[in-house]
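Asks: The structure follows.
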Amino acid sequence: MFIALLLSALATELIGVHAIFGAFLLGAVIPHDSAIARTFTRQLEHVVTVLLLPAFFAYTGMRTRIDLVSGGEMWLMCGLIIVVATAGKFGGTLFAARLTGLSWRDSAALGTLMNTRGLMELVVLNIGLDLKVISPALFAMMVLMALATTMATSPVLRMLGVKNATASGAPEKGGTP
């Protein structure tokens, strides 16, 4: 599995696409309920959650130059990014959920949950910074947006009356929605 993972990542890197996409593609072609997927998940789960995830978050934190967000104009831009990103995901999800027949409360809860910007967004931001698609200042603003929207999830879900909301904002098993 590790050799296949490395070859897949290397192949996408060689064709000019980031290595993470090769790893993703390998994961996508392996059936999620196969014995190999279960074994691989079981063997790597602790290494990933105890070592790799904290290391990635520390790496992202060390790359985030909040000092570049200085002055009123930059902080206003950061606030605008947070508002637009939140409204876009919340509003789009809220109205799509309403169109499918969910209640206003459940639609709002789903829109709130969509605003948890997590690991995948930070991965994409790091790739964008590496490729110099985004500036270090914009990277810092986007990381702040990811943090702000994720931290707001649990309090907003509680205001909406969602029971069993965890610190990550996701309802616990058996919770709502």
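The values are calculated or read from the model by the stated rules, or taken from the named source; none is laboratory data. These numbers come from a predicted model, not from an experiment. Here the Cβ is made from the backbone with ideal geometry for all residues, glycine too, and neighbour counts use every protein chain on show.
Asks: Hey, does the stretch 100-117 have a residue that's in contact with an Asp or Glu (Cβ under 8 Å, 6 or more places away or on another chain), hydrophobic (A, V, I, L, M, F, W, C) and either part of a helix (DSSP H, G or I) or touching a residue at least 24 places away in the same chain (Cβ under 8 Å) (or both)?
Replies: no
Asks: Taking the conditions exactly as written (at pLDDT 95 or above, surrounded by fewer than 18 Cβ atoms within 10 Å (Cβ to Cβ) and either among the aliphatic types (A, V, I, L, M) or closer than 27 Å to Leu26 by Cβ (or both)), does Met74 satisfy them or not?
Replies: yes
Asks: Of all residues in the stretch 11-44, count the ones that are part of a helix (DSSP H, G or I) and in contact with a helix residue (DSSP H, G or I) (Cβ under 7 Å, 6 or more places away or on another chain).
Replies: Count: 10.
Asks: In this structure, does Arg63 turn out to be touching a helix residue (DSSP H, G or I) at 6+ places or on another chain (Cβ under 8 Å), without any contact (Cβ under 8 Å) to a residue 60 or more places away in the chain and either surrounded by 14 or more Cβ atoms within 10 Å (Cβ to Cβ) or on the phi > 0 side of the Ramachandran plot (or both)?
Replies: no
Asks: Provide a single number: the residues in the stretch 58-99 that are in a helix (DSSP H, G or I) and either among the small types (Gly, Ala, Ser) or touching a His at 6+ places or on another chain (Cβ under 8 Å) (or both).
Replies: 11
Asks: Taking the conditions exactly as written (out of contact with any helix residue (DSSP H, G or I) (no Cβ under 7 Å at 6 or more places or on another chain), outside any loop (DSSP other than H, G, I, E, B), over 24 Å from Met142 (Cα atoms) and at pLDDT 90 or above), does Leu51 satisfy them or not?
Replies: Here the answer is yes, as Leu51 does meet what is asked.
Asks: Considering the stretch 13-23 alone, what residues qualify as being exposed (fewer than 15 other Cβ atoms within 10 Å of the Cβ) and either of a type in the set (Ser, Thr, Tyr) or modelled with pLDDT of 90 or more (or both)?
Replies: Scanning the stretch 13-23 gives Glu13, Leu14, Ile15.
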